[in-house]
Each structure stands twice: as structure tokens, then as C-alpha cells.
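Below: the structure, in C-alpha cells.
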Amino acid sequence: MSSRFPILLYHRVGPPNGSYMDAYTVSPEAFLGQMEQIRREGWRPISIKAALGDDTQKRSGRPVAITFDDGYASNREYAWPILEEFGFPSDNFVVTGRLAQANTWDGPDNGTWPLLSREELAGAAGGLMKFQPAVWKTALRRLLRLWAVLRPKGKPCTCPSSRHRSCGPT
């Protein structure tokens, strides 16, 4: 198996509402269709931790990681039940300093959406939903950049996702 694998990044799964956030939102119907396609085409969702570990090399199939950014509460209502139905794990990068609050980082003119609470995180499907602080994602990006810089010149990038822009040309 190649060490390359796709990482799907979602922000918010829920009904579109005509706001700027629609550009970062996948409707529940579209998300269900995407998960059906993943299964139909033989992809095997795995966690980022499993993908980066040595165990990945021993597994067969077509690995893919499903991730969610920012910890929007609508994902609990719309995405998590679909992931549970399929038995697909996901990695969720939450803004730990904003649990049970809203995404005020987009500015006052853009509206806000509720974020997951500590209780919602604790009640997530054991084993399927993994949670990391958003800073973990930043650390992973820095690690991938360092990996690209330190690799021997002329050697192809062997990082888990060499399409990641941090790796640069291979």
C-alpha cells in the first residue's frame, strides 16, 4: 500500500441557509451521498493516528481520513449519525477555548454558528469520533513542512499526504 492517502476536510454539515457559511457547509443529503460513495468505491476510512502509525502499512484497502474543522455543533446532529451508521471514524479539530460558544472569529457581520460543548464531546460515539485541539492540526502541518524540508534532495515525498501543500513539489 502506498503511504499516500486522501484526507477529506469538512467544516459544517447541516442545512444551507443562504449565508457566507454555505461555502463551507455540506448538506446532510450530500454528506450521506459522499459516505455512500466512499463505501461503494471500496475506500476504508481510518483515523489520522492510524494513518500515521506503522499499522497503516499492514492494512489493505484504500485508506481515507475524514476530518472536521472547528467543532460545529451541527455536525453532531447531521454528520455523526451518518458516520455511526457506516462505522466510519473521523478526526474532529475543535477550538477548545470556544467549547459551547460560537464561531465569533469570522467577524460580527458574518453571523455565528454554535460550537460543540464539552458534554457533546463526551457523549460522542466511542472509538469512532476522535477529538484534538485545533492547534494539533497546526502542529501536524508544521511537521509535514519539516518533513518536506528534511527529505533527501531528489527523493519523492513520502509523507502521508504528499498532495498536502506543505510538502511542496515532489
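Every number here is computed from the coordinates shown, using simple stated rules; none is lab data. All of these numbers come straight from a predicted model, not from anything done at the bench. No Cβ is skipped: glycine too gets one built from the backbone with ideal geometry, and neighbour counts run over all protein chains shown.
Evaluating 6.51 cos²θ - 1.76 cosθ + 1.60 at θ = phi - 60° for every residue in the range 8-19, the Karplus couplings come out as 8, 10, 10, 9, 9, 10, x, x, x, 10, x, 8 Hz, glycine and proline recorded as x. Highest-first packing order for the peptide set 82-91, 38-47, 104-113 is 82-91, 38-47, 104-113, based on the mean count of other beta carbon atoms within 10 Å. Note on the range 1-125: dipole from Cβ charges, positive end direction compared against ASN110, PHE5, GLN34; the farthest Cα belongs to PHE5.
On the basis of the beta-carbon distance and an R0 of 22 Å, ALA50 and ARG4 show a calculated FRET efficiency of 0.90.
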